[in-house]
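Beneath this line is the structure, given in structure tokens, with notes to follow.
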There are 2 protein chains.
Amino acid sequence: MSCAEDCGVRDVQDRLGDKWTVHVVVELSGGVRRFSELQRLVPGISQRMLTLTLRRLERDGLVTRTVYPTVPPQVEYELTATGRDLTGLVRALVDWSLAHRGTIADARRAYDERRRP
Amino acid sequence: MSCAEDCGVRDVQDRLGDKWTVHVVVELSGGVRRFSELQRLVPGISQRMLTLTLRRLERDGLVTRTVYPTVPPQVEYELTATGRDLTGLVRALVDWSLAHRGTIADARRAYDERRRP
DNA sequence: CCGCATCCTATGAGATACTG
DNA sequence: CAGTATCTCATAGGATGCGG
């Protein structure tokens with residue numbers, strides 16, 4: 001590696017690279033959200049994966065979890081300062097992907113065609 | 001998803017999120033590199049994983065592969081225009097990770113400690 | 001409503017051995 | 001030198017059911 005132990009880059013890669021974190025962060029960038037709200041805003045995510053995604057974000061100090069001891073229980077999630085800062089990087093990722101989407105798709109088609117006569 | 005099929009974001013996440021692509025791209029940002037050179041510059045990568053990483057980058061049009069029909073064979077890899085553009089995003093990722101490394105590590109320790117008395 | 005526990009499968013990735 | 005071919009293992013993530 002360019003530097004031993006990856007300088008903490010691995011941790012960020014793991015978040016940005018997994019299936020749901022980017023989507024959840026995008027939704028949380030809109031403000032405070034409840035668990036069920038997030039599950040509705042991120043179609044396809046299971047309860048299990050939403051829980052895991054939020055726990056990991058919470059553990060890294062990117063999201064706060066607030067429990068209101070009501071019946072039924074109510075839990076709110078919100079980006080921390082660091083979490084809001086992360087949205088900048090997420091935007092950069094999404095923007096880059098959209099900007100080069102066509103180019104990459106074309107390259108891929110050309111490559112596959114060259115290998116499949 | 002915010003948009004169906006992830007708008008191509010998934011493809012970029014897969015590259016940035018895997019174990020070796022970022023390291024290989026960083027080394028290629030320094031200019032043309034041979035296969036064996038990359039294997040030396042990216043400690044720990046196996047022949048197999050270097051091959052896979054380079055093939056995926058080539059398929060997406062991010063890297064060119066030039067074979068010189070010499071004996072022994074010589075193959076050179078180089079970033080394309082799109083590939084060089086990708087290094088900007090990679091830098092952003094690395095910079096963000098370094099900038100928040102300490103904060104994240106602290107949050108993680110605090111979280112783990114709260115759960116392990 | 002929110003979330004944990006369990007089971008299961010698909011994929012990423014390491015180790016190793018072999019070739020033009 | 002620059003790969004390909006297998007094998008194996010660890011982990012991400014889906015499905016489902018229970019519990020406070």
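Since every read-out is calculated from the coordinates, none of them should be taken as a lab result. Remember, it's a predicted structure, so these values are computed and weren't measured experimentally. Cβ sites come from the backbone with ideal geometry, for glycine too, and all protein chains shown count toward neighbours.
When A:GLN13 is tested against (1) surrounded by fewer than 19 Cβ atoms within 10 Å (Cβ to Cβ); (2) polar (S, T, N, Q); (3) within 14 Å of chain B (Cβ to nearest Cβ), only condition (1) is not met. Of all positions in the stretch A:34-56, at least one carries a residue that is surrounded by fewer than 18 Cβ atoms within 10 Å (Cβ to Cβ), closer than 23 Å to B:ASP106 by Cα and among the hydroxyl-bearing types (Ser, Thr, Tyr).
Looking across B:LEU54, B:LEU50, B:LEU79, one residue alone is in contact with a strand residue (DSSP E or B) (Cβ under 7 Å, 6 or more places away or on another chain), hydrophobic (A, V, I, L, M, F, W, C) and within 16 Å of DNA strand C (Cβ to nearest atom). It is B:LEU54.
Here the helices (runs of 4 or more DSSP H) wholly within the stretch B:11-110 that include at least 3 residues being under 22 Å from A:GLU113 (Cβ atoms) are B:47-59.
Scanning the stretch A:17-43 for residues that are within 15 Å of DNA strand D (Cβ to nearest atom) and of a type in the set (D, E, K, R) returns A:ASP18, A:LYS19, A:ARG34. Scanning the stretch B:54-68 for residues that are more than 9 Å from DNA strand D (Cβ to nearest atom) and either of a type in the set (Asp, Glu) or within 14 Å of chain A (Cβ to nearest Cβ) (or both) yields B:ARG56, B:LEU57, B:GLU58, B:ARG59, B:ASP60, B:GLY61, B:LEU62, B:VAL63, B:THR64. The listed residues are A:ASP14, A:ASP106, A:ASP95, A:ASP112, and the only one of them that is closer than 30 Å to B:GLU58 by Cα and within 13 Å of DNA strand C (Cβ to nearest atom) turns out to be A:ASP14. Checked against the criterion of being exposed (fewer than 14 other Cβ atoms within 10 Å of the Cβ), more than 7 Å from chain A (Cβ to nearest Cβ) and either among the aliphatic types (A, V, I, L, M) or within 30 Å of A:ILE104 (Cα to Cα) (or both), the candidates B:VAL71, B:VAL90 yield just one match: B:VAL71.
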